[in-house]
Amino acid sequence: MSAQIEKINKQNISAEEWELRVDLAACYRLFVQFGWTDLIFTHLSARVPGTTDQYLINPYGLLFHEITASNLIKVDFDGNVVAGDYPFNNAGHAIHSSILRARPDVNVALHSHTRAGIAVSCMKHGLLPLSQHANEILGMVCYHDYDRVTDNEAECEQLAQDIGSSWLMIMRNHGLLSVGRTVSEAFYFLYVLENSCKIQVDVLASGAEFILPDPTVVEYLNNDGMPGADGPSDGAKRSWTALIRMLDAKDDSFRT
């Protein structure tokens, strides 16, 4: 199927957009690497540089290991395909256009349906301060109640309201969502949330009595983990550089 997808000519786009395409394609490949895929049914987006109302997203129907920089499609907030010859996931468009429209301060939104993420999304108490991972992001997490995001305009508006100024969302009975100023930042936040969910599921499944850190420690870690005004953290940037090295060593076709 991927051979039938029209590839965007690199010569027809800006250097900034191409760099973003490479990063977003890499993120799709990292979802495969970390086991975060759900067949063809989740989606990652990034705002096109120099625009306010256009974003890049996967062609609906490709598996994530087939995503490359040149086969990502460009869509506007009204649902028009600006570049590319393949349809988008309607639920994906509803989610990403709502989030990116509501948050002009961010450029990337990542959505997952992982087993651990969905498990925690089904827990009434939500994410607990059980681990260092969780305590670094608790202050960044918001919640959104389940509804029919594909064809429900009111629900999309609620999604935009619920994200507020948060960077991570637990979508009740559904999955996880992260936003960031860069692909690396959004990925890093989602990675920490996903690990927090895995740890919580493991602890609760063990049946053992668990302990919670002192609230003052939780508050300190919360404050320490909040995004800085000057851009993504050094840890997020260094981690991303290392992950790109890993992808290049294994299969660098995401760059094409």
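What is the antiparallel percent of DSSP beta bridges lying wholly in region 79-219, to the nearest 5? List each step's numbers first, then the result.
Working: 9 of 13 bridges.
Antiparallel bridges make up about 70 percent of those DSSP assigns within region 79-219.
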Between helix 15-33 and the chain, what is the angle of the helix's C-alpha long axis to the longest principal axis, kept within 0 to 90° and rounded to the nearest 10? 50
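Given axes a ≥ b ≥ c from the Cα gyration tensor, I'd like to know whether region 1-142 is rounded (a/c under 1.5), prolate (a/b larger than b/c) or oblate. Show your work: numbers first, answer last.
On the way: a/c = 2.01, a/b = 1.63, b/c = 1.23.
Cα axes put region 1-142 in the prolate bin.
If r is the Cβ-Cβ distance from Leu204 to Asp230 and R0 is 41 Å, what FRET efficiency results, to the nearest 0.05? Could you put the intermediate results ahead of the total?
Details: r = 37 Å, r/R0 = 0.91.
E between Leu204 and Asp230, to the nearest 0.05, is 0.65.
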The chain: angle of helix 215-225 to the longest principal axis, Cα-based, in degrees nearest 10: 20
For region 2-250, compute the number of Lys pairs whose alpha carbons are separated by less than 30 Å, excluding pairs fewer than 8 positions apart on the same chain. 12
Phi-derived 3J(HN,Hα) across region 57-70 with the Karplus relation (6.51, -1.76, 1.60, θ = phi - 60°), rounded Hz, x for Gly and Pro, is 7, 6, x, 6, x, 8, 6, 5, 6, 8, 6, 10, 4, 8
For region 2-52 versus region 70-138, the gap between their alpha-carbon centres in whole angstrom: 14
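Above 21 Å lies some portion of the pair distances; for region 106-256, what is it as a whole percent of all C-alpha pairs? Could you put the intermediate results ahead of the total?
Numbers: 5550 of 11325 pairs.
When every Cα pair of region 106-256 is considered, 49 percent fall beyond 21 Å.
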In nm, the gap between the two label points placed 7 Å beyond Cα toward Cβ at Asp145 and Glu157 is 1.6
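What ranking of Arg255, Arg29 emerges when the number of other C-beta atoms within 10 Å of each C-beta is taken as an exposure proxy, fewest first?
The order, fewest Cβ neighbours first, is Arg255, Arg29.
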Using a basic spin-label model with each label point 7 Å from the Cα along Cα→Cβ, how many nm lie between Val82 and Thr52? 1.3
Mind pulling the angle between the C-alpha long axis of helix 153-163 and the longest principal axis of the chain? Nearest 10 degrees, somewhere in 0 to 90. 60
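What is the chain's relative contact order, in percent, from Cα pairs under 8 angstrom and six or more apart in sequence?
Result for the chain is 21 percent.
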Taking 0.36 nm per residue of sequence separation and subtracting the Cα-Cα distance, how much length would be gained by fully extending the chain between Arg238 and Arg101, in nm to one decimal? 46.4 nm
Any chance you could get the radius of gyration and Dmax over the Cα atoms of the chain, in Å? 17.9, 59
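Computed from the coordinates by the stated procedures, all read-outs in this text should not be read as laboratory data. From a predicted model like this one, the values you see are computed outputs, not experimental measurements. Methodologically, a virtual Cβ is constructed for each residue, glycine included, from the backbone with ideal geometry; neighbour enumeration extends over all protein chains shown.
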